[in-house]
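Trainee: Okay, handing you the structure first.
The values are calculated or read from the model by the stated rules, or taken from the named source; none is laboratory data. Keep in mind it's a predicted model, so treat the numbers as computed, not measured. Cβ sites come from the backbone with ideal geometry, for glycine too, and all protein chains shown count toward neighbours.
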Amino acid sequence: MKHSKLSLLSAALVAVSAQAADYTNQTIIVEGSSMRPGTFGVAPDSLALKDTAALLKRVPGANVNRNGPLTGIASYRGQFGSRVNAVVDGMSWKEVGPNSMDPPLSHIPASLTESLTVYRGIAPVSSGIETIGGSMTAESRKSKFTNSSDFEFHGLTSFGYSESDNGLTSSVLGTYANDSHRFHTSLSQEKGGDYEFDGSKSVDPSQYDRDAYTVGYGTKFGSQEIGFNYSHNDTGHTGSPSLPMDIIWVRGGIFSADYSIQLGEGRSLDVGYYYQDMRHLMNNFTLRPNGVGGNRERQNLTTVDGGGLSAVYHMPFSGGSLSLGLEGDESTHDGLITSPTVAVFRVDNFNGAERNRYSGFIEWKGDISEGLELETGVRYTQVEMDSDDVNHHMAMMGNPFQQLRDSFNNSDLSQTDHNWDFDAILRQTLSNELTAEIGFARKTRSATYQERYLWIPLEATGGLADNRVYVGDVNLDSETAYQFEAGLEYASGALYVAPRAFYHRINDYIQGQEITEATANTVLGLATGGASTTVLQFTNIDAELYGMDVEWGYELGANLRLDGTVSYVRGKRRDAGDNLYRIAPLNARAQLTFEQDNWSVATEVEAYSEQNDVAAYNAEQKTGGYGLLHVRAELQPASGFNIGLGVENILDKNYADHTAAINRAGGSDVAVGDKVPGQGRNVYVTGSYGW
C-alpha cells in the first residue's frame, strides 16, 4: 500500500528540517494515500497535546471519543473502541479499565510519539486481528542504529505549558548507539488541573497526572536484529467526568521483544512477543462529591494479564510480494467492586474473564497489468472466551441477585467464534495526475468480554459513557461487515485532492437493547432505590454506515499553502428506525500556513455542523454546530531548538463536541446530564531541544 506523510491539514505547523537522529520530528502517516512529493508531516511537538489520540482529529474520517483528559478513544468512520484495531509499538495493548479509561493510544505520551499511522479506508488483513472498524499504529521514539562502529549519544528534551488547565508536560529521551548496538531510555510527566471553558468556568474533575518511562536495547549482527523494550505507566488522580468513576491510579507495564532476519532474495521473517501486567483503581468519591453520603461510595479494582506472539514471513511471489502470518494474543480480566464505608459490599464484576485470539493470514500485493495494482488477503481468527463463577454480597435466599448470579454461573460460559476476513483492493493509474481505487472486504469482530460477561446491571461498557446500565449476553454472535470503498486521488501542480466514499453493511452489530426479562430490571431498581429500572442488554442487530471523506491541499506560493479535510459519516440501524450512537457530524478543517526557513505561522479553522441524527436507544443528546479558530506559530532559533506558541479557540467559543459524552460528576460548573463542553481559549507554549 502506498504511503506518505500526510500534510496535516489541521495540524499546527510543518515540521522543520529533521535534526540529529530525527528525534525532533513526529509524523502522521496515512496508508493508502499517494500524497505527492514535497508535502510534510505534522510537528506535534509544537502543539498542546497530551495523548496521541488527539492527533486523530486531523485525519480524514477519524475522530476521538473523549471521556477524560487522558481517555481518548479512537474513532474511525463511525466505529470506535474495540472495533478499531489500535496497535502500539507492534502490540495489541489490552485495557485494564472495563470502561476504557486507558485506551491503547493513551499509553504513549504525545511528546514521545514518533509516528501515528492510519490505514485510510479498508484496512489490509495484515494490519491486525479484528479490523472491522479500521486499523492504526502508534510508534514511540526509540534508539536507532547508526552507520558507524563509533557510539553516538542523541536525545530529545521537551516541555509544554497550557494556560486553560494550568498544565505542564515534560519529557526526555536519551539514546546511545552504533551500527551494532542501541540503548535508550525515556521519562515523561504530564500534570494539570481542571480545564476552563466559557470564560472562567471549569469542568470538574478533568485534572490529570501521569508519569511514564521506558528502557530498551537492540543489537544487529549480520542480517539479524533483536530488540527488547519495557514501558511502565503510572497514572495518578485523573478525572473522567463522562464516566461513573475517576482514575485513582493505573500502574503496570509491558515487556516486548522482537526479532527479524533478512533471508536474501527479498525474503524476510519478523517475530514479536509481548507480555502485559497492569492494575487499576477507580472510585466515585475522591475527585467528585456525588458518591459521598448514604453509603454510596464505590471503588473498583481491576487487573489485566496478557500477552501476544506473532511471526510474519515475507517473500516475492508471482511478480508481487506475499506475506504469511501467524498471530495470537491472550488476556485475562478481573474486576472487584467494594465500598470503603460498607465492609460487606462486594461484587465480582468480572472474574477470570478470558479472551484469547489465534489467527493466521495470507496477503499478496502486486501489479496484475500495467498501471493496475491488486492487494488481496484472507485471515482466519479463532476467538476463545471463558469466565469463572461470579458472586454478589446480596445474592441469597433466591432473591433477584442470586437469580442473576446462578443463571450466569450455570450458563455455558466457554464460547468459541470462527471468524473469516477477506479484502480485495484495486488501484488503477489513469494518468500521471489521477489514480482510482475500488475495494471490497468482509470483516468480523467477536464480542468483548464486557459485552459477553457483564452479568449484573452496571456501566462497565468499554467507555460508551451513555449513562445507561447494561448486562451482557453470553451467546452473542460475531459482527460481520461487508465493506465497499471507492476513491480518487488527483495531484497536479499546486493542487491535491483525494475524495473517498464508503458503505459498510454490518450484520449482528452489537449494541444495547432494552431488556424484557424482569430480573435484571428488578436488581437495578433495588440497587438504585427505584431511581432506575431500565436495563439495556448487549444484543445483535443489523446496521449500516456510509459516508465520504476528503483530504486536499493547494500551494498558493513558494511559502504559502492551504490544506484541509472534510469528513462525513452516517450510521443507522437496518432493522429499526434508529441511528447509531456517538457518530461525529459533518466536519471540516482548513489551515493556511506561511513558512520560512526557520519559522512558520498558521491559522486553522475547525467547523462542525449540528448533529440531529442521534441514537434514541440510549437517549443520546443532539448537539449544535460550531466553528473554532486557532492560531499557531513555530520558531527554530538555533539548530536543534524548536519553540511553539499558539492560541486555541481564540474566540473562546462555548461549544460541545458531539463525540464527547454527558457530565456525570456533581460539583462542577457543568450540570449533571449536560454535554461536557470543549476547552475554552487556551494559550500554550512548547519547547524542545534535540541533539
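Quick grid of which residues meet (1) touching a residue at least 40 places away in the same chain (Cβ under 8 Å); (2) polar (S, T, N, Q); (3) surrounded by 23 or more Cβ atoms within 10 Å (Cβ to Cβ):
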| site | (1), (2), (3) |
| --- | --- |
| Ser407 | yes, yes, no |
| His418 | no, no, no |
| Arg427 | yes, no, no |
| Gly439 | yes, no, no |
| Ala460 | yes, no, yes |
| Asn467 | yes, yes, no |
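Trainee: Out of (1) in contact (Cβ under 8 Å) with a residue 24 or more places away in the chain; (2) within 24 Å of the chain's Cα centre (by Cα), the odd one out for Gly640 is which?
Mentor: Of everything listed in (1) in contact (Cβ under 8 Å) with a residue 24 or more places away in the chain; (2) within 24 Å of the chain's Cα centre (by Cα), Gly640 misses just condition (2).
Trainee: Right, something else. Would you check which residues across segment 660-691 are among the polar types (S, T, N, Q) and in contact with a Leu (Cβ under 9 Å, 6 or more places away or on another chain) and list them?
Mentor: Selection gives Thr686, Ser688.
Trainee: Please enumerate the residues belonging to segment 135-157 that are free of Cβ contacts under 8 Å to residues at least 60 places away in the same chain and closer than 23 Å to Asn63 by Cα.
Mentor: Of everything in segment 135-157, those that are free of Cβ contacts under 8 Å to residues at least 60 places away in the same chain and closer than 23 Å to Asn63 by Cα turn out to be Ser135, Thr137, Glu139.
Trainee: Of all residues in segment 603-620 being at pLDDT 95 or above, part of a loop (DSSP other than H, G, I, E, B) and not acidic (Asp, Glu), which is nearest to Gln679 (Cα to Cα)?
Mentor: Ser609
Trainee: Quick check, is Ala576 more than 29 Å from Gln79 (Cβ to Cβ) and either modelled with pLDDT under 95 or part of a strand (DSSP E or B) (or both)?
Mentor: In short, no.
Trainee: Suppose we keep only residues that are of a type in the set (A, V, I, L, M, F, W, C) and in contact (Cβ under 8 Å) with a residue 60 or more places away in the chain within segment 88-107. Which one would you say is farthest from Gly328 (Cα to Cα)?
Mentor: Met101
Trainee: Right, next: For segment 282-299, which residues satisfy the criterion of being closer than 24 Å to Gly352 by Cα, touching a Ser or Thr at 6+ places or on another chain (Cβ under 8 Å) and not charged (D, E, K, R)?
Mentor: Correct list: Met282, Gln299.
Trainee: From (1) within 22 Å of Met394 (Cα to Cα); (2) free of Cβ contacts under 8 Å to residues at least 60 places away in the same chain; (3) of a type outside the set (Phe, Trp, Tyr), pick out the condition that doesn't hold for Ile456.
Mentor: Against the list (1) within 22 Å of Met394 (Cα to Cα); (2) free of Cβ contacts under 8 Å to residues at least 60 places away in the same chain; (3) of a type outside the set (Phe, Trp, Tyr), Ile456 comes up short only on (2).
Trainee: Residues of segment 158-177 being of a type in the set (D, E, K, R) and under 11 Å from Lys191 (Cβ atoms), which ones? Lay out the reasoning, then the answer.
Mentor: Initial filter on segment 158-177 (of a type in the set (D, E, K, R)): 163, 165.
Passing the criteria: only Asp165.
Trainee: Taking interchain pairs and intrachain pairs at least six residues apart, which have beta carbon atoms under 7 angstrom, with the first residue in segment 481-497 and charged (D, E, K, R) and the second part of a strand (DSSP E or B) and surrounded by 17 or more Cβ atoms within 10 Å (Cβ to Cβ)?
Mentor: If the second residue must be part of a strand (DSSP E or B) and surrounded by 17 or more Cβ atoms within 10 Å (Cβ to Cβ), the pairs left are Glu485/Gly439; Glu485/Arg500; Glu485/Phe502; Glu489/Thr435; Glu489/Ala498.
Trainee: With the condition kept exactly as written, say whether any residue in segment 534-545 is within 26 Å of the chain's Cα centre (by Cα), surrounded by fewer than 17 Cβ atoms within 10 Å (Cβ to Cβ) and among the acidic types (Asp, Glu).
Mentor: Taking every residue of segment 534-545 in turn, at least one turns out to be within 26 Å of the chain's Cα centre (by Cα), surrounded by fewer than 17 Cβ atoms within 10 Å (Cβ to Cβ) and among the acidic types (Asp, Glu).
Trainee: Additional query: What strands (runs of 3 or more DSSP E), lying completely within segment 296-400, carry at least 3 residues that are among the aromatic types (Phe, Trp, Tyr)?
Mentor: 346-369
Trainee: Which of the following residues is within 30 Å of Glu648 (Cβ to Cβ), over 21 Å from the mean Cα position of the chain (by Cα), modelled with pLDDT under 95 and among the hydroxyl-bearing types (Ser, Thr, Tyr): Ser200, Ser186? Reasoning before the result, please.
Mentor: Numbers: Ser186 fails: modelled with pLDDT under 95.
Only one candidate passes the filter, namely Ser200.
Trainee: Give the residue, chosen from Gly90, Gly72, Gly97, that is in contact with a strand residue (DSSP E or B) (Cβ under 6 Å, 6 or more places away or on another chain), more than 17 Å from Glu459 (Cβ to Cβ) and crowded, with 24+ Cβ neighbours inside 10 Å. Spell out how you get there, then give the answer.
Mentor: Values: Gly90 fails: crowded, with 24+ Cβ neighbours inside 10 Å; Gly97 fails: more than 17 Å from Glu459 (Cβ to Cβ).
Every option except Gly72 fails the conditions.
Here is a yes/no grid of residues against (1) part of a strand (DSSP E or B); (2) under 18 Å from Val88 (Cβ atoms); (3) under 24 Å from the mean Cα position of the chain (by Cα):
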position	(1), (2), (3)
Trp249	yes, no, yes
Ile254	yes, yes, yes
Asp270	yes, yes, no
Tyr274	yes, yes, yes
Asp277	yes, yes, yes
Asn290	no, no, no
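Trainee: Have a look at Gly525, Gly530 and point out the one that is surrounded by fewer than 22 Cβ atoms within 10 Å (Cβ to Cβ) and part of a loop (DSSP other than H, G, I, E, B).
Mentor: Testing whether each residue is surrounded by fewer than 22 Cβ atoms within 10 Å (Cβ to Cβ) and part of a loop (DSSP other than H, G, I, E, B) leaves just Gly530.
Trainee: While we're on this one: What's the number of the only condition in (1) basic (Lys, Arg); (2) out of contact with any Phe, Trp or Tyr (no Cβ under 7 Å at 6 or more places or on another chain); (3) within 29 Å of Asn290 (Cα to Cα) that Lys653 fails to meet?
Mentor: Only one criterion in (1) basic (Lys, Arg); (2) out of contact with any Phe, Trp or Tyr (no Cβ under 7 Å at 6 or more places or on another chain); (3) within 29 Å of Asn290 (Cα to Cα) is unmet by Lys653, namely (2).
Trainee: Would you point out which residue out of Glu370, Glu375, Glu330, Glu297 is surrounded by 20 or more Cβ atoms within 10 Å (Cβ to Cβ) and either over 29 Å from Val672 (Cβ atoms) or charged (D, E, K, R) (or both)? Talk me through it step by step, then tell me what you get.
Mentor: Details: Glu370 fails: surrounded by 20 or more Cβ atoms within 10 Å (Cβ to Cβ); Glu330 fails: surrounded by 20 or more Cβ atoms within 10 Å (Cβ to Cβ); Glu297 fails: surrounded by 20 or more Cβ atoms within 10 Å (Cβ to Cβ).
Checking each option against the conditions leaves just Glu375.
Trainee: Also, I was wondering about something else. Which of the residues spanning segment 178-218 are touching a residue at least 40 places away in the same chain (Cβ under 8 Å) and among the small types (Gly, Ala, Ser)?
Mentor: Listed by number, the residues that qualify are Ser180, Ser186, Ser188, Gly192, Gly199, Ser202, Ser206, Ala212, Gly216, Gly218.
Trainee: Can you tell me which residue among Gly673, Gly687, Gly624, Gly646 is in contact with a His (Cβ under 7 Å, 6 or more places away or on another chain) and either at pLDDT below 95 or surrounded by fewer than 21 Cβ atoms within 10 Å (Cβ to Cβ) (or both)?
Mentor: Gly646
Trainee: Hey, among the residues in segment 113-144 that are at pLDDT below 90, of a type outside the set (Gly, Ala, Ser) and more than 13 Å from the chain's Cα centre (by Cα), which one's surrounded by the most Cβ atoms within 10 Å (Cβ to Cβ)?
Mentor: Thr113
Trainee: OK, next. Given (1) more than 29 Å from Asn642 (Cβ to Cβ); (2) at pLDDT below 95, identify the lone condition not met by Ala110.
Mentor: (1) is the only condition that Ala110 fails.
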